[in-house]
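Only one structure is covered here, and it is reproduced in the block below.
The values are calculated or read from the model by the stated rules, or taken from the named source; none is laboratory data. All values reported here derive from a predicted model rather than from experimental measurement. Methodologically, a virtual Cβ is constructed for each residue, glycine included, from the backbone with ideal geometry; neighbour enumeration extends over all protein chains shown. Heads up: the accessible areas ignore ligands, DNA and RNA and are worked out on the full protein's heavy atoms, side chains in. Shrake-Rupley method; radii C 1.70, N 1.55, O 1.52, S 1.80 Å.
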Amino acid sequence: MSKVKISDLAKEFGMTWKQLAEEIQNLTGETIKSPSTKIDEEVVDLLRDVLGESAVVVEEEVQEEKKSPEEKGVRIWDLVHEINLTMDEVKEALKALGFEGEIDSFTEIDKSYIQKIKQYIEEKKKREEERKKEEERLKKEKEKIKEQKKLEDEKKKEFKAKLEERPTERIQKTEQKEEKTKEKEPRKEEKPPVAKEKKKSVPKEEKPPKKEKPKPKPEPKPVIEEKKEEEKEKIPEKEKIKLSKEEKAELEALKKLMGPQPKKKKKKKKKEKEEAKKVEVEKKEEEEVKIAIIPEVITVRELAELLNLPVNQIMAELLQKGILATVNQTIDPEIALQIAEEHGFLAEIQEEGEEVSIIEELPEEEKAKLLQQEEEGNLVERPPVVTVMGHVDHGKTTLLDTIRKTDVAAREKGGITQHIGAYKIKLQNGKEITFLDTPGHEAFTTLRARGSKVADIAVLVVAADDGVKPQTVEAINHAKNAEVPIIVAINKIDKPGADPERVKRELSQYGLIPEEWGGDIIMVPVSAKTGQNVEELLENILLVAEILDLKANPDKPAVGTVIESKLDPKKGPVATVLIENGTLHQGDYFVAGYTWGKVRAMFDERGNQLKEAGPGTPVEILGFNEVPQAGDKFIVKPSEREARQLAEQRKRKREEELLAKKARLHFENLAGEKEVNIIVKADVQGSLEAILKSLEELSEKFEDVSINVIHSGVGGITESDVMLAAASNAIILGFNVRPDAAARKAAEEEHVDIKIYSIIYDLIEDMEKALKGMLEPVEREQFLGTCEVKQIFRIKGVGTVAGCIVTEGVIRRNAKARLVRDGIVIYDGEISSLKRFKDDVKEVAKGYECGLMLKDFNDIKPGDIIESYEIVQEKQE
């Protein structure tokens, strides 16, 4: 047997010897290591049988490759002009067909691609046409839906109009029926005499032959009688006159029995039934739009009961949403809202404050509706809650002490033994008034900044010998902003220099016009020291309370506000709560802010233990799990589980509330606001008036924006200003003044924006740009620290060195510095030198002493405050 070399055989098959060796190994299992190896003819025949077809294919490909150089491809440039397409369309088609390599005008492609490109373009055009048709169809459907909605609205309006018209229509129908019946009765009576008159003209000879015909006729049924009526209507009048008396009597009887009257009534009844059915259907359609109020904490069972659905159905829908919940497990209120809306309910989540806004926080119309819904017998008058505000040393505390002495219960059982933040006094006429024990507007605004409107009436104390002062103006602005009625107590009228009329004149400049001048503000001259006219003041408080019509329902679960809170080392967390509505019982479970608890014990202001507390009563409560914040809403819950779940849910939302604080009004987001509240503080009155006038002109320029200056004054920015801004969502603008440490800290906590300027034009320009939304990136001031000047050293040839102690943060060398004296900026520059003892240092921390020099400034005095800061450039979002 002859053998063949592997190399020769590989050439025959058109492949390398290694590829052929692999094929042989796959077929026979022999390994071939060199191209000179020889194999038997049997193996060669087997290879020819297996690889013969592929060899033929290879030969054909080789022939095609030889031919292909002769057949030239088509340039894309020529193809573009040939098919009438753009270059981009051809490129897109080639990429979609899997063409690899760079594509430009001179790229050559096979002619086979031309047909493929054409097909691709046609398919693309078809897809675009289908897409356009689909869009048009969707638009038409939307228009149809809108038209259907309009028709439904019109039908509803028509239905309402019909309902209003129905009573009048029914009255008219009944009147018409009565008129018809009256008309028919005389007609029946008139018919017989007419027949008699006609009988007289009938000859006697014709009567006998006619009598024989009607005798067999009374026997047949009413169907034959109807035929007779039809035939008799066709008979001429002359033949009708010849009828006998018996036949006419029969006809009259038949008319009564077979007359059209009952048919008409049936038709009317049918119409009425159809209308009643329509009304019922429309009522059912209206009832289908059901309302569901979903509480913050809701279980699967409660949701099923609320929606009148089986529990299994609710659990199945939750599973579809990827939530595996048991019957008694709480679910997210947002998920519950989605399920309710899917079942055709108009659902809404009940927010935290909604259950509390029973009397105070509702508009007047809704308040009246809510009070009408409650039973009148359950509503009881509650004592008014009064807060006392005014300037320092004008006699607020003395007035409160004098009011305490007028308390009838205090005389009988002893005075107030402990301070719980509020107390209730009883007058001789049996009526009661609740006073907040913390005088001043700071506490008032702190509570209001947390969303609580505790006080019903504000008593403004003004000294008759001192007049209106800056804090008096602040108190007026705070009360006006809270929309609380003001009663003015002009105190110290027993002093020699007292001038109540001057006080009235000064107050009238701030919009407080006394009643005797035609205004609506009650002003009572009193003497807190002697007790003169104090009872008259209390009577006026009760008068205003009667006008306000303060009522509460003692049969409801208690709702109140936390006035004060503390951590007692023996009792644990303790809080004073003012009950606003309902009655609080010992053993009730409650929620207050982010904490919950159970009422273990209650005490009044005299230390007496109480079993229950009604509306308007301040009580000290033991049983909180944590110390609540002043201003938190206090709500009684039916069970411990509900109270705990609501508190835990609120804790989870605390982060969202902190983020919401950051969403306060800032210069960066003034664009698009319809109302902007501003507090303006300046160094002198002249500058303040100029700024206010410029802001008024600016508000006239922007017609859609209302710029409200809720407070303005002369002096530094205080914590009270920041709290007012937080409560009113306002921006503080300062001109040549600085915020003190407390104000700066409060502004950081409450995220209140404070802007300081030294040029009025910059202030107005920034406001205008902010309102337009064109504010450019600004340089932000980063506070470093403050130090107080204790002593001054004057050195020849050097200048004035200030010996200071660092009170806050750090003082850095070469940092920017600002010297503040009595809240007014005296110098703004930089620190040129900083030393500790004899050594130069880069910075000095809080609590250490240092010596420093200000660049080009020597007018430093003991008691001055030097602020250190840096300018940081930040991009505005």
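Some observations on this one:
- Single unsatisfied condition, residue 873 versus (1) surrounded by 13 or more Cβ atoms within 10 Å (Cβ to Cβ); (2) under 30 Å from residue 770 (Cβ atoms); (3) in contact (Cβ under 8 Å) with a residue 60 or more places away in the chain: (1)
- Residue among 775, 763 that alone is modelled with pLDDT under 85, in contact with a helix residue (DSSP H, G or I) (Cβ under 7 Å, 6 or more places away or on another chain) and of a type outside the set (Phe, Trp, Tyr): 775
- Breaking point among (1) open to solvent by 20 Å² or more (accessible area, probe 1.4 Å); (2) at pLDDT below 90; (3) more than 30 Å from residue 751 (Cα to Cα), for residue 528: (1)
- Residue in the stretch 707-722 that is open to solvent by 60 Å² or more (accessible area, probe 1.4 Å) and closer than 25 Å to residue 815 by Cα present: no
- Scanning the stretch 814-844 for residues that are farther than 23 Å from residue 780 by Cα and either among the small types (Gly, Ala, Ser) or touching a His at 6+ places or on another chain (Cβ under 6 Å) (or both) returns a single hit, 833.
- Qualifying position, being closer than 24 Å to residue 543 by Cβ, at pLDDT 90 or above, open to solvent by 10 Å² or more (accessible area, probe 1.4 Å) and not aromatic (Phe, Trp, Tyr), among 500, 485: 485
- Answer residue from the stretch 291-318, given it is touching a Pro at 6+ places or on another chain (Cβ under 9 Å) and among the β-branched types (Val, Ile, Thr) and is modelled with the lowest pLDDT among those: 297
- Subset tally (residues that are within 17 Å of residue 520 (Cα to Cα) and either in contact (Cβ under 8 Å) with a residue 60 or more places away in the chain or touching a His at 6+ places or on another chain (Cβ under 7 Å) (or both)) for the stretch 462-476: 0
- The stretch 91-116 residues that are over 15 Å from residue 81 (Cα atoms), paired with ones that are open to solvent by 80 Å² or more (accessible area, probe 1.4 Å) (beta carbon under 6 Å, 6 or more apart): 97/116
- Test for residue 510: is it modelled with pLDDT of 80 or more, hydroxyl-bearing (Ser, Thr, Tyr) and open to solvent by 50 Å² or more (accessible area, probe 1.4 Å): yes
- Checked against the criterion of being more than 35 Å from the chain's Cα centre (by Cα) and open to solvent by 30 Å² or more (accessible area, probe 1.4 Å), the stretch 542-561 contains one or more residues that satisfy it.
- Reported count of residues in the stretch 729-770, each being closer than 30 Å to residue 704 by Cβ and assigned to a helix (DSSP H, G or I), is 13.
- Flag for residue 23 being outside any strand (DSSP E or B), over 30 Å from residue 120 (Cα atoms), modelled with pLDDT of 80 or more and of a type in the set (Asp, Glu): yes
- Enumeration of residues in the stretch 723-745 that are without any contact (Cβ under 8 Å) to a residue 40 or more places away in the chain and open to solvent by less than 20 Å² (accessible area, probe 1.4 Å): 739, 743
- Test: residue in the stretch 35-43 that is modelled with pLDDT of 75 or more, over 30 Å from residue 19 (Cβ atoms) and out of contact with any Pro (no Cβ under 7 Å at 6 or more places or on another chain): no
- Within the option set 361, 341, being open to solvent by 50 Å² or more (accessible area, probe 1.4 Å) and modelled with pLDDT of 85 or more holds for one residue only, 341.
- Filter result for residue 679 (of a type in the set (Val, Ile, Thr) and crowded, with 21+ Cβ neighbours inside 10 Å): yes
- Condition check for residue 644: open to solvent by 40 Å² or more (accessible area, probe 1.4 Å), more than 30 Å from residue 488 (Cα to Cα) and in a helix (DSSP H, G or I): yes
- Look at (1) modelled with pLDDT of 80 or more; (2) hydrophobic (A, V, I, L, M, F, W, C); (3) more than 24 Å from residue 529 (Cα to Cα) and you find that residue 400 fails only one, number (3).
- Residue in the stretch 792-810 that is part of a strand (DSSP E or B) and of a type in the set (Lys, Arg) present: yes
- Screening residue 565 with (1) buried (at least 21 other Cβ atoms within 10 Å of the Cβ); (2) at pLDDT 90 or above; (3) not hydrophobic (A, V, I, L, M, F, W, C) gives one miss only, at (2).
- Just one residue in the set 60, 71 is at pLDDT below 80, closer than 30 Å to residue 3 by Cα and open to solvent by 70 Å² or more (accessible area, probe 1.4 Å); that residue is 60.
- Under the condition of being part of a loop (DSSP other than H, G, I, E, B) and modelled with pLDDT of 90 or more, the residues counted in the stretch 860-877 number 5.
- Top-ranked residue in the stretch 573-595 [being out of contact with any Leu (no Cβ under 7 Å at 6 or more places or on another chain) and farther than 27 Å from residue 551 by Cα; ranked as most open to solvent (accessible area, probe 1.4 Å)]: 594
- When residue 652 is tested against (1) touching a strand residue (DSSP E or B) at 6+ places or on another chain (Cβ under 7 Å); (2) open to solvent by 70 Å² or more (accessible area, probe 1.4 Å), just one condition goes unmet, and that condition is (1).
- Matching option when the condition is acidic (Asp, Glu), at pLDDT 80 or above and farther than 22 Å from residue 746 by Cβ, among 412, 432, 474: 432
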